[in-house]
Amino acid sequence: MNDQSGTILLAILKAAFPASVPLLFAALGGLFSELSGMLNIALEGLMGAGAFFGMAAALVTGSRLAGLAGALAAAGLAAWIMGTVTLRVRANIFITGLALNLAVSGLTTFLSQLWFGTKAVVNVPLPPLSKQAFTAVILAAAAAWICCSALVLHGTTFGIRLRATGMNPTAMTALGHDPDRYRLAALLISGMASAAGGYILALSVSAYVPNIVSGRGWIALVAIYLGKRRPLAVAASCLLFALAESASNYLQGVGGMSPLIMLALPYLVTLISLVVGTGARQRH
Amino acid sequence: MRRSVDLTPGQRVALAAGTAMLLASTVLIVAAPQPVPALVQFFLKPFSSRLAFGSMLQGAVPLMIAGIGVLLAFKSSNFNLGGEGQIYAGALAACVTGLALQDATAPLVAVLASIAAGMLTGALLASISGLLKAMRGVSEMISSFLLSAAVVLLADALLTGPLQDPASNFQTTRMLSRALLLPRLLPPSRLDLAFPVALLLIGATRYLARTSRIGFELAICGTNEAFARYCGIPVEAYMVGTMAVSGALHGLAGALLVLGPYGRVMRGFSAGTGWSAISVALLAQGSEAGILPAALFFAWLKAGSDQVMIGSGIPSEFIAILQAAAMFLVTASSLPIMRRHRKIPASGVETPAAPQEPDSTGQASSEPGVTP
């Protein structure tokens, strides 16, 4: 390996760590609901809600933290609605998840037109923060989130009961616990974590860009499969997908390929890894 | 005390459709500069002229055809979420075939060939997901979505590159020759021959589902896979087959849009039609005949939201919000109700379960609910 390709690899690797952060938040959040027995296909929409409402709150207040609060509140509300309709009204979670994705993509464009007068990029002026400091903060947050979710899922009563709900809800009922409460809590956690991921994505370009999530919610879902539902392995899968993303970003700059083809690449990589990674465990 | 009542399919549809209409009215009252004209535009304008009425019916055509495709897959418990990509790719294949053949062969041959190309492309795309499910147990829902998302971007790339009309500033293919386009039924609207074709298709599917062996076996695969296996039904073949037919119908919907109202493929061609078809199939509640009213309902909402976009400047994404609202509630199987006047001992309360529907979470739903 010559010197030049070494620097390129290093650059790709360096870009992959921050790129994995939004995926990490969404995938580990989705893991909570997956372990409680519900495959949450709305991660994509919840990330989108976090990006839009977070940036809207940041634009109004001029504060990154207030933006985060906005993102968490909006996605928490969305996840709560989805959870209530699914658990109380007993609707099908795939369909309500699909509906949530559809609702977010429609609602964000609708509100963007209504509030900001444009369906295109909305720049959000924020107090200055250097690129390095931002990267350091989000990497630290991601590390904390990995530790925290692994500890909660495997080391607390709440986490054990949540996983028990996924394995055998009837046993939970027999023990006097309401499985639906754990499922609703898991959905709320997945919603808020995904929203944080989407908000970080938008913060990293200091703007709300329509369709900024562009499939990352689905990729996060596949990371849960690929990580065989273990927190650390899920985190590793996210890093793998982020590597694919930063490599395709790099190729886009160098190879002169159509950016649209490069945008399609993460979906295909995800599909291939899903095909390779499944097989051991059959679903449905 | 929280209790709930079970919903019949009819009540479910009424709940979903009613919520969509209520939400539409609320949003228009809040967001439109002048609520009353906006409400009139939304609800009545689609019926006000031959042009508007014909356009609304034309809007129902792809929803009927693709809706049947989604429904068939649903009935065999396969979820085809790749409609967007299948419609787009089918349309593109049909358009390219039509452009290649229009000067070489008779128009009828070129039309039939491009329809076949569209259907084949859709079928190929969807059967990949069916094959992956049958062979490796990969969720067809996720694989069809991922594949479709990639296909949409690749089709966009083709339209900005090799397939782009050099004479146009827009990202679109060349126009098909007039001779290839389906005859119009209600000028000046774009309603064309595809509408009766879609009606026939619904009738034929309904007939086959009720009388043919394939329709019967497919329904068994959908209701009880283990039993189907026990009966010797080739379950894997049905997985691939229904996905392929579902994809072919999406491809057909795309091809008929090219040969009908548009005459070409432009960037972003599918424009949510695939997602709308899913809403249509859900609203039809498993009935082939139900596809017709469901497609007309969504076509009406779409036509109405187009009218308020023109008339009152309400963004066209309005329709996606209404669709989502209907979708949220269309699988609701029980409705919680508040009852204060009757005290029931907490231990005796059961959360009524959905009897036939698979539970939302895929788990047994008949466990007694523990009330706080």
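Would you mind stating whether A:Pro179 is at pLDDT 85 or above, touching a His at 6+ places or on another chain (Cβ under 8 Å) and crowded, with 19+ Cβ neighbours inside 10 Å? The answer is no for A:Pro179.
When segment B:276-306 is filtered for residues that are buried (at least 24 other Cβ atoms within 10 Å of the Cβ), within 14 Å of chain A (Cβ to nearest Cβ) and either within 20 Å of B:Asn78 (Cα to Cα) or among the aromatic types (Phe, Trp, Tyr) (or both), the ones remaining, listed by number, are B:Ser276, B:Ala277, B:Ile278, B:Ser279, B:Val280, B:Ala281, B:Leu282, B:Leu283, B:Ala284, B:Phe298.
For segment B:156-173, the set of residues classified as assigned to a helix (DSSP H, G or I) and among the polar types (S, T, N, Q) consists of B:Thr160 only. Within the bounds of segment A:2-15, is there any residue that is without any contact (Cβ under 8 Å) to a residue 60 or more places away in the chain, aliphatic (A, V, I, L, M) and surrounded by fewer than 24 Cβ atoms within 10 Å (Cβ to Cβ)? Taking every residue of segment A:2-15 in turn, at least one turns out to be without any contact (Cβ under 8 Å) to a residue 60 or more places away in the chain, aliphatic (A, V, I, L, M) and surrounded by fewer than 24 Cβ atoms within 10 Å (Cβ to Cβ). Is segment B:148-169 home to any residue that is closer than 27 Å to A:Leu102 by Cα, touching a strand residue (DSSP E or B) at 6+ places or on another chain (Cβ under 9 Å) and within 14 Å of another protein chain (Cβ to nearest Cβ)? Yes, segment B:148-169 contains at least one residue that is closer than 27 Å to A:Leu102 by Cα, touching a strand residue (DSSP E or B) at 6+ places or on another chain (Cβ under 9 Å) and within 14 Å of another protein chain (Cβ to nearest Cβ). In segment B:307-324, the residue that is farthest from the other protein chains (Cβ to nearest Cβ) out of those that are out of contact with any Gly (no Cβ under 6 Å at 6 or more places or on another chain) and surrounded by 22 or more Cβ atoms within 10 Å (Cβ to Cβ) is B:Gln307. With a requirement of 2 or more residues that are touching a Phe, Trp or Tyr at 6+ places or on another chain (Cβ under 9 Å) and not hydroxyl-bearing (Ser, Thr, Tyr), the helices (runs of 4 or more DSSP H) lying completely within segment B:224-303 that satisfy it span B:235-257, B:273-283. Being at the interface with chain B (Cβ under 10 Å from one of its Cβ atoms), under 12 Å from A:Ala195 (Cβ atoms), surrounded by 21 or more Cβ atoms within 10 Å (Cβ to Cβ) and in contact with a helix residue (DSSP H, G or I) (Cβ under 9 Å, 6 or more places away or on another chain) holds for only one residue in A:Val104, A:Val85, and it is A:Val104. Within segment A:157-216, being more than 18 Å from A:Gly70 (Cβ to Cβ) and aromatic (Phe, Trp, Tyr) holds for A:Phe158, A:Tyr182.
Residue-by-condition table, conditions (1) modelled with pLDDT of 80 or more; (2) in contact with a Lys or Arg (Cβ under 6 Å, 6 or more places away or on another chain); (3) among the β-branched types (Val, Ile, Thr):
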{"site": "B:Ala157", "(1), (2), (3)": "yes, no, no"}
{"site": "B:Thr160", "(1), (2), (3)": "yes, no, yes"}
{"site": "B:Asp165", "(1), (2), (3)": "no, yes, no"}
{"site": "B:Asn169", "(1), (2), (3)": "no, no, no"}
{"site": "B:Leu176", "(1), (2), (3)": "yes, no, no"}
{"site": "B:Leu182", "(1), (2), (3)": "yes, no, no"}
{"site": "B:Pro188", "(1), (2), (3)": "yes, no, no"}
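One line per residue, one yes/no per condition, for (1) within 14 Å of chain B (Cβ to nearest Cβ); (2) part of a helix (DSSP H, G or I); (3) at pLDDT below 90; (4) more than 30 Å from A:Val152 (Cα to Cα):
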{"residue": "A:Ser194", "(1), (2), (3), (4)": "no, yes, no, no"}
{"residue": "A:Ser214", "(1), (2), (3), (4)": "yes, no, yes, no"}
{"residue": "A:Leu240", "(1), (2), (3), (4)": "no, yes, yes, no"}
{"residue": "A:Val254", "(1), (2), (3), (4)": "no, yes, yes, yes"}
{"residue": "A:Thr270", "(1), (2), (3), (4)": "yes, yes, yes, no"}
{"residue": "A:Gly279", "(1), (2), (3), (4)": "yes, no, yes, no"}
{"residue": "A:Arg283", "(1), (2), (3), (4)": "yes, no, yes, no"}
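Looking at segment A:118-141, is at least one residue within 11 Å of another protein chain (Cβ to nearest Cβ) and without any contact (Cβ under 8 Å) to a residue 40 or more places away in the chain? Within segment A:118-141, one or more residues are within 11 Å of another protein chain (Cβ to nearest Cβ) and without any contact (Cβ under 8 Å) to a residue 40 or more places away in the chain.
Considering segment A:122-138 alone, what residues qualify as being surrounded by 14 or more Cβ atoms within 10 Å (Cβ to Cβ) and part of a loop (DSSP other than H, G, I, E, B)? Walk me through how you get there before you give the answer.
Keep residues of segment A:122-138 that are surrounded by 14 or more Cβ atoms within 10 Å (Cβ to Cβ), which gives A:122, A:124, A:126, A:134-135, A:137-138.
The answer is A:Val124, A:Leu126.
I want to confirm something. Restricting to segment B:325-339 and keeping residues that are of a type in the set (Gly, Ala, Ser) and within 7 Å of another protein chain (Cβ to nearest Cβ), which single residue is farthest from the chain's Cα centre (by Cα)? Among residues in segment B:325-339 that are of a type in the set (Gly, Ala, Ser) and within 7 Å of another protein chain (Cβ to nearest Cβ), the one farthest from the chain's Cα centre (by Cα) is B:Ser334. The single condition from (1) surrounded by fewer than 18 Cβ atoms within 10 Å (Cβ to Cβ); (2) in contact (Cβ under 8 Å) with a residue 24 or more places away in the chain that B:His250 fails is (1). Per the conditions (1) out of contact with any Lys or Arg (no Cβ under 9 Å at 6 or more places or on another chain); (2) modelled with pLDDT of 90 or more, the sole criterion not satisfied by B:Arg267 is (2).
One residue is enough: does segment B:98-113 have a residue meeting the conditions in a loop (DSSP other than H, G, I, E, B) and touching a helix residue (DSSP H, G or I) at 6+ places or on another chain (Cβ under 7 Å)? Give the derivation first.
So the first thing to find is which residues in segment B:98-113 are in a loop (DSSP other than H, G, I, E, B), and the list is B:102-106.
Among the residues that remain, those that are also touching a helix residue (DSSP H, G or I) at 6+ places or on another chain (Cβ under 7 Å) are: B:102.
Looking through segment B:98-113, at least one residue is in a loop (DSSP other than H, G, I, E, B) and touching a helix residue (DSSP H, G or I) at 6+ places or on another chain (Cβ under 7 Å).
Kindly evaluate A:Leu72 against the criterion of being over 15 Å from A:Ile41 (Cβ atoms) and touching a helix residue (DSSP H, G or I) at 6+ places or on another chain (Cβ under 6 Å). The answer is yes for A:Leu72.
Looking at the structure I just gave you, is B:Thr173 in contact with a strand residue (DSSP E or B) (Cβ under 9 Å, 6 or more places away or on another chain) and more than 14 Å from every other protein chain (Cβ to nearest Cβ)? Walk me through it before giving the result.
Working: in contact with a strand residue (DSSP E or B) (Cβ under 9 Å, 6 or more places away or on another chain): yes; more than 14 Å from every other protein chain (Cβ to nearest Cβ): yes.
The answer is yes for B:Thr173.
The values are calculated or read from the model by the stated rules, or taken from the named source; none is laboratory data. Predicted model only: the values in this text are computed from it and were never measured. Note that we place each Cβ from the backbone using ideal geometry, even for glycine, and neighbour counts take in every protein chain shown.
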